[in-house]
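Step one of this worksheet: look at the structure below.
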Ligand SMILES: [Zn+2]
C-alpha cells in the first residue's frame with residue numbers, strides 16, 4: 001500500500017494580549033515575575049490572564065512575586081520532543097510560587113533525581129539574553145542555602 | 001425525559017497499530033457498512049431511514065482542515081445533515097442524543113475515527129496548549145499525565161504497583177475481546193520493568209498507538225423498538241470541563257469527573273452507582289487514570305482507587321467490573337476512545353460480550369478530552 005507523505009507548516013503571530021505582553025515584557029526587561037489578582041476572590045494567578053474564571057470580570061491588580069516557590073508535582077521525561085531544541089531526559093515541575101494561588105509549569109534543573117520531592121523549595125534561574133517569552137525563565141532549581 | 005432514546009446497533013473495527021491499507025473514509029465505511037447491514041437502514045430524507053449523522057474526528061490527526069469532509073460521503077453526508085464534534089466521540093453520541101431528544105430527528109448515525117499511526121501524537125497534543133505560556137515548554141499529554149500521576153500518588157499514597165495492576169487486568173481482559181489490539185498475559189513486574197516514558201509512567205502504563213473506528217445508531221423509542229429487540233436506553237448523561245491552565249488544577253483529584261458523574265446519575269436516578277450499575281467501560285489512557293476515575297465515578301472514596309483494584313472488585317469476575325473490554329490500554333485511538341466505551345457498554349447490555357460478558361442491566365461509559373481528563377463525559381445506559 002502506498003503511503004503518501006504530507007506536512008502542515010503554518011506560521012502564526014499569536015497575540016500575547018495586554019496582560020501577557022506586560023508579564024513577558026517585565027520578565028525580559030527586569031527578570032520580574034508578575035502575577036495578577038482578582039479583587040473579588042483575591043485569587044492570584046500566574047501565568048496572568050485578563051479574566052478571573054470564577055468571578056467573570058477583568059483583573060488589573062498586578063503583584064510582583066519574588067520567584068521562590070514550592071514543588072507540587074514533577075516528572076522526568078525520557079523521550080525527545082521535536083518542538084524543543086532539548087535533549088531527554090528533561091525534568092518538569094508544577095511550582096506554587098509564594099504569593100500565588102495557581103501553579104506554574106516549568107523545567108527543573110540543578111537537582112539530582114533522588115532529591116526530587118513534592119514540597120521542595122525552588123527558585124528561578126533566568127536567561128542572560130532574554131527574548132520576551134516563557135523560556136526567559138531558564139528553569140527552577142532548589143533554593144541555594146544562604 | 002418524556003421519551004426514551006435508544007442505541008440500536010454498534011460497530012467497531014478491530015483496533016490495530018497501523019492500517020496502511022485504508023484511508024479515513026474507507027476505515028469509517030467499514031463500521032458504517034456493518035450498521036447498514038445489521039439494521040437494514042438507509043440514508044433517507046423522508047423519515048424512513050437515518051435522518052442525520054454526527055461524526056467525531058480531529059483536523060490535526062487527519063491532516064486536513066474540517067476533517068469531517070473526507071468522510072461525508074460514507075456517513076450519509078451527501079446533500080444531507082452531518083455535524084462534527086472535535087472532542088471525544090462520546091460527545092458525538094451526546095450530541096446525537098440531544099438531536100433526537102429535541103424532536104428534530106428520529107434516527108441518527110454517530111461515527112468516530114482516528115489513525116494515530118499517521119502522525120505525531122505529542123506534537124498534536126502540544127498544539128492544544130497555550131501558545132504564549134505553554135507550547136514552548138514542549139508540554140504534551142503524556143508528561144502532563146505523569147505530573148498528575150505523581151500528584152495523585154503523593155496525595156493519597158497510591159503506588160506504582162497498584163497502577164500496574166490496571167495494565168495487568170485490562171490486557172488480560174483484552175484476551176477475550178476479538179477487537180482488542182494488544183491483549184497480553186502480564187505480571188506486575190513486566191509493567192514495572194517496561195521502559196520509562198515520563199516518571200512514574202512507563203511504556204506499558206500508556207495506551208499504545210492505534211488506528212480504528214467506531215459507529216452506532218441512535219433512535220427514538222418507538223423506532224428503536226422496531227429496529228432491534230434489544231435496544232439499550234441512554235438514561236443519563238453529564239459532562240464537566242476544568243480550567244485551561246494545567247497549573248490551576250488540583251491534579252490529585254478529579255472534581256470535574258465527580259460533577260459529570262453526579263449530573264449523569266441525577267438524570268438516570270442513580271443513588272448508589274456501585275450497587276445499581278453492573279459494568280463500567282472507562283477511558284484510561286494511562287494506568288493511574290482508571291484508579292482516579294473510579295474514585296471520581298463514586299465507586300470508592302477519594303484516594304481508595306488503589307485499594308479498590310487490589311480488592312478484585314473491578315476484575316472481570318468482580319462485583320463492579322471495570323473495562324471488561326480491555327480498555328484503552330489495550331489499544332483504542334484517541335477520539336474513538338469514548339465512543340468505543342459506549343459501544344462496549346451496549347455490547348454488555350445486549351448480551352453480546354462473548355467471553356468477556358458480565359451480568360448487568362445498567363452500564364456506565366466515560367469519555368474524556370484534553371490533558372489529565374480536562375473534559376469529562378459520563379453516560380449511564382440501561383435495558
Ligand atoms: Zn475572582
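Considering every residue in B:126-133, what mean count of other chain Cβ atoms within 10 Å of its Cβ is obtained?
5
Quick one: if you stick a label point 7 Å off each Cα along the C-beta vector at residue A:11 and residue B:188, how many nm between them?
According to this spin-label approximation, the distance is 5.6 nm.
With everything on Cα atoms, drop me the angle between helix B:160-174 and the longest principal axis of chain B, reported from 0 to 90° to the nearest 10.
Between helix and principal axis, roughly 30 degrees.
Can you give the relative contact order of chain A as a percent, counting alpha carbon pairs under 8 Å and 6+ residues apart?
Taking the mean separation of contacting Cα pairs over the length of chain A, I get 20 percent.
Using the basic label-point model (7 angstrom from Cα toward the beta carbon), what is the residue A:123 to residue A:51 distance in nanometres?
3.9
Mind checking B:289-297 for the average number of partner chain beta-carbons within 10 Å of each residue's beta-carbon?
0
So for the pair residue A:86, residue B:26, with labels modelled 7 Å out along Cα→Cβ, what separation do we get in nm?
Spacing of the two 7 Å Cα→Cβ label points: 4.1 nm.
If I fit a long axis through the Cα atoms of helix B:255-268 and take the longest principal axis of the Cα atoms of chain B, what angle between them do I get, 0 to 90°, rounded to 10?
That helix lies at roughly 40 degrees to the long axis.
Most exposed first by the Cβ proxy, i.e. fewest other Cβ within 10 Å, how do B:190, B:229 rank?
Values: B:190 15, B:229 8.
By the 10 Å Cβ count, ascending, the order reads B:229, B:190.
Please compute, for peptide B:249-255, the average count of beta-carbon atoms on other protein chains lying within 10 Å of each residue's beta-carbon. Write out the running numbers ahead of the final one.
On the way: counts 3, 2, 4, 3, 0, 0, 0.
That works out to 2 on average.
Helix B:24-39 sits at what angle to the longest principal axis of chain B, using alpha carbons and giving 0 to 90 degrees rounded to 10?
Once rounded, one gets 60 degrees.
Roughly how many whole Å is it from the C-alpha centroid of the range B:325-383 to that of the range A:109-138?
So the two Cα centres are separated by 41 Å.
FRET efficiency for residue A:101 and residue B:229, Cβ-Cβ distance as r, R0 = 51 Å, nearest 0.05?
Once the sixth-power term is evaluated, E becomes 0.35.
Can you sort A:74, B:154 by how many other beta carbons sit within 10 Å, fewest first?
Placing the least packed residue first, the sequence is B:154, A:74.
Using Cα pairs closer than 8 Å and at least 6 residues apart in sequence, work out the relative contact order for chain B, in percent.
In percent, rounded to a whole number, it is 25.
Roughly speaking, what is the centre-to-centre gap between the range A:27-57 and the range B:137-164 when only Cα atoms are used, to the nearest Å?
Here the two parts' Cα centres lie 27 Å apart.
Can you sort B:225, B:115 from fewest to most other Cβ atoms within 10 Å of each residue's own Cβ?
Arranged by neighbour count, lowest to highest, B:225, B:115 become B:225, B:115.
Values in this text are rule-based calculations from the coordinates and carry no lab data. Just so it is clear, the structure is predicted and the values come from calculations on it, not from any experiment. Using ideal geometry, Cβ is built from the backbone for each residue, glycine included, and neighbour counts are taken over all protein chains shown.
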